[in-house]
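Heads up, the thing below is written out as structure tokens.
What follows draws every value from the coordinates through simple rules; no lab data is involved. Only a predicted model underlies this, so the values are computations on that prediction, with no experimental measurement involved. Neighbour counts are summed over all protein chains in view; Cβ atoms, including those assigned to glycine, are modelled from backbone coordinates with ideal geometry.
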Amino acid sequence: MTDSQRQDFRFFHRLRVRWVEVDLQKIVFNAHYLMYFDTAIADYWRALALPYESTMLALGGDLYVKKASIEYHGSATLDDQIDVALKCSRIGNSSFCFTGAIFRGEKQLISCELIYVFADPATQTSKPLPDALRQIMLGYEAWQPMARLETGNWQHLGAPARQLRADVFHDEQGIAAELTCDAADEFAVHVLARNWLGVPVATGRLLQQAPGIGRIGRMAVSRVLRGSNLGRDVLRSLMQTAKERGDHEVVLHAQRTAEGFYARLGFVQRGEPFEEAGIVHIEMAHAL
């Protein structure tokens, strides 16, 4: 399998083969390949910036596997790092087809075809695929961005940002509701990411801490969509806004669990850890 053939796929999901997935010869059990594709499908929806459960509820249906076929070209073995590739190769009236492949490096091990049908959950009878979902999948396969960023003030973006913060900070992390928003929101620049259905999926804000220094905060990404680069895109948008207004540095208070995320984007730890809103944070900075 050549480089150019690998590049035929838009989506890749990487994983490592574990002990429980292999037989005594340390070769992967055949049935596990379907599990690998199923895991990759979940990440495919994340790449579309679509929270699966709420999206299907809003679209009035659900997806069911109609057909799954696998062709074996080679075997993955214990501790292999493999790439599961997927692309939506065909969309019909009520169904669509995924073409899949599993690679170890440049070698193709598995080919797969998965056919899903959009159906009424109550009766499991097929119904026309919503045009909105059709356009999202076509857009993704055409390398279009799956989230649209809006920059504005609190009057314009406050309502959706407030709800997203409540979901992440209050409901998920247990932070007091009155701490999710404050008076500084009125003076901040806000960035909000919406998916193609218009659902808010990530947000953040930028304040002026001192002349030439911006403070980024209230970064929140929908829980089921983390790892899909939404947080990265919001953060970069806030940094660009700071740079355009003349700031030479941005700082933020990172939760320790998110420290690695910010470090990978060039932020450097400053000072010692401290507690804020009942959660341990560390100050981090990035020169612009």
**Mean separation of Cα contacts under 8 Å (6+ apart) over length of the range 162-273, as relative contact order %** = 21
**Fill in**
A student applying the Cα gyration tensor rule (rounded when a/c is under 1.5; otherwise prolate if a/b is larger than b/c, oblate if not) would label the range 3-141 prolate
**Residue (of PRO145, SER95, GLY278) at the positive-pole extreme of the chain, dipole from beta-carbon charges** = SER95
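For the chain, what is the relative contact order in percent, using Cα pairs closer than 8 Å and at least 6 residues apart in sequence?
Taking the mean separation of contacting Cα pairs over the length of the chain, I get 13 percent.
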**Fill in**
If N is the residue count of the range 110-201, its Cα Rg over 2.2 N^0.38 Å rounds to 1.53
**Prompt:** For the range 84-237, what relative contact order do you get, as a whole percent, if you take Cα pairs closer than 8 Å and at least 6 residues apart?
**Reply:** 15
**Request:** With +1 on each Lys and Arg Cβ and -1 on each Asp and Glu Cβ, and nothing else charged, work out how big the dipole of the range 3-141 is about its Cα centre, in Debye to the nearest 20.
**Result:** 100
**Asked** Once a ≥ b ≥ c are taken as the square roots of the eigenvalues of the Cα gyration tensor of the range 147-287, is the result rounded (a/c under 1.5), prolate (a/b larger than b/c) or oblate (a/b not larger than b/c)?
**Response** rounded
**Item:** Which labelled figure in (i) 20.2; (ii) 18.4; (iii) 21.3 is Kirkwood radius over Cα pairs in Å, once derived from the coordinates
**Value:** (iii)
**Message:** Among ALA166, ALA188, ALA287, whose Cα projects farthest towards the positive end of the dipole of the range 147-287, with charges put on the beta-carbon of Lys, Arg (+1) and Asp, Glu (-1)?
**Reply:** ALA287
**Request:** Could you calculate the FRET efficiency of ARG90 with PHE274 from 1/(1 + (r/R0)^6), where r is the beta carbon distance between them and R0 is 45 Å, rounded to 0.05?
**Result:** 0.25
**Asked** Considering amide H positions built from the backbone, and no H for Pro or chain starts, which residues 5 or more places from LEU288, or on another chain, come under 5 Å of its amide H?
**Response** GLU249, VAL250
**Complete:** Taking max minus min of the Cα coordinates of the range 174-239 on each principal axis, largest first, gives extents in Å of 36, 28, 19
**Request:** Could you check what % of the DSSP bridge pairs in the chain are antiparallel, to the nearest 5?
**Result:** 95
**Prompt:** Quick one: if the Förster radius is 25 Å, what FRET efficiency do LEU207 and ASP171 give, using the C-beta to C-beta distance and rounding to 0.05?
**Reply:** 0.55
**Unsatisfied cross-links (Cα-Cα over 25 Å) in the set LYS66/LYS87; LYS66/LYS127; LYS26/LYS66; LYS26/LYS107** = LYS26/LYS66
